[in-house]
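**Q** For reference, the structure I am asking about is given below.
The values are calculated or read from the model by the stated rules, or taken from the named source; none is laboratory data. No experiment lies behind these values; they were computed from the predicted model shown. Positions of Cβ are backbone-derived with ideal geometry, glycine not excepted, and every protein chain shown enters the neighbour counts.
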Amino acid sequence: MINLSMFARKSRSADMTPMIDMVFLLLIFFLLTSVFAVPSINSDLPASSTEQKTDKLERVVTLKADGRVLIGKSEIPMSGLEAGLKNMITESGDKVITLAADKEVNFESIVAVMDSALKAGAVSVEFLTESRDER
């Protein structure tokens, strides 16, 4: 008697392992690139020819021309600025505040932010500016 089970067709299905590997590699790629993306807040900063680079963009206090105040990306009222700055200083351990103020912001608002920063425990306030090309 002839044994035909030896010649039986094996099931033909696509191997999913390479596709699953690619999906996981793409997932890891997008997770890593999203961590390093630094979202920014659009501001009309004053220009300066003596600017220096900073890497503390996530810990910036932003004053908008319409009167809004932002710490990082979260908007806070001016009355809660001192408490927000205290939290930022204790979380980061950095006692230097970076201030990004629009060109149209009045000087009184800038002084109010500086006062709040000093009351919160900051040792100095840096101003964020745009580069001015001098030719």
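**Q** Take Val38 and decide whether it is on the phi < 0 side of the Ramachandran plot, loosely packed, with under 13 Cβ neighbours inside 10 Å and either in a helix (DSSP H, G or I) or modelled with pLDDT of 85 or more (or both). Quick ask: steps written out before the conclusion?
**A** On the way: on the phi < 0 side of the Ramachandran plot: yes; loosely packed, with under 13 Cβ neighbours inside 10 Å: yes; either in a helix (DSSP H, G or I) or modelled with pLDDT of 85 or more (or both): no.
Spelling it out, it is not the case that Val38 is on the phi < 0 side of the Ramachandran plot, loosely packed, with under 13 Cβ neighbours inside 10 Å and either in a helix (DSSP H, G or I) or modelled with pLDDT of 85 or more (or both).
**Q** Of the conditions (1) over 11 Å from the mean Cα position of the chain (by Cα); (2) at pLDDT 60 or above, Glu51 clears all except one; give me its number.
**A** Of (1) over 11 Å from the mean Cα position of the chain (by Cα); (2) at pLDDT 60 or above, only one is false for Glu51: (2).
**Q** Would you pick out the residues in region 77-119 that are in contact with a Leu (Cβ under 8 Å, 6 or more places away or on another chain), in contact (Cβ under 8 Å) with a residue 40 or more places away in the chain and of a type outside the set (A, V, I, L, M, F, W, C)?
**A** Thr98, Asp102, Lys103, Ser109
**Q** Look at region 99-124 and say how many of its residues are surrounded by fewer than 17 Cβ atoms within 10 Å (Cβ to Cβ) and β-branched (Val, Ile, Thr).
**A** 3
**Q** Something else: Suppose the filter is within 17 Å of Phe127 (Cα to Cα), surrounded by 12 or more Cβ atoms within 10 Å (Cβ to Cβ), at pLDDT 85 or above and among the basic types (Lys, Arg); does Lys56 pass it? Step through it out loud before you land on a result.
**A** On the way: within 17 Å of Phe127 (Cα to Cα): yes; surrounded by 12 or more Cβ atoms within 10 Å (Cβ to Cβ): yes; at pLDDT 85 or above: no; among the basic types (Lys, Arg): yes.
Against the criterion (within 17 Å of Phe127 (Cα to Cα), surrounded by 12 or more Cβ atoms within 10 Å (Cβ to Cβ), at pLDDT 85 or above and among the basic types (Lys, Arg)), Lys56 does not qualify.
**Q** While we're on this one: Scan region 59-98 residue by residue and report those that are at pLDDT 85 or above, exposed (fewer than 12 other Cβ atoms within 10 Å of the Cβ) and in a loop (DSSP other than H, G, I, E, B).
**A** Asp66, Pro77
**Q** Report the residue count in region 99-131 for those that are assigned to a loop (DSSP other than H, G, I, E, B), within 11 Å of Leu63 (Cβ to Cβ) and of a type in the set (Gly, Ala, Ser). First the steps, then the outcome.
**A** Step one: of region 99-131, the residues assigned to a loop (DSSP other than H, G, I, E, B) are 102-106, 121-123, 128-129.
Still in the running and within 11 Å of Leu63 (Cβ to Cβ): 102-106, 128.
Those still in the list that are of a type in the set (Gly, Ala, Ser) too: none.
Here the count works out to 0.
**Q** Go over the candidates Gly93, Gly84, Gly67 one by one and state the one that is of a type outside the set (D, E, K, R) and closer than 21 Å to Glu130 by Cα.
**A** On the way: Gly93 fails: closer than 21 Å to Glu130 by Cα; Gly84 fails: closer than 21 Å to Glu130 by Cα.
So the residue among Gly93, Gly84, Gly67 that is of a type outside the set (D, E, K, R) and closer than 21 Å to Glu130 by Cα is Gly67.
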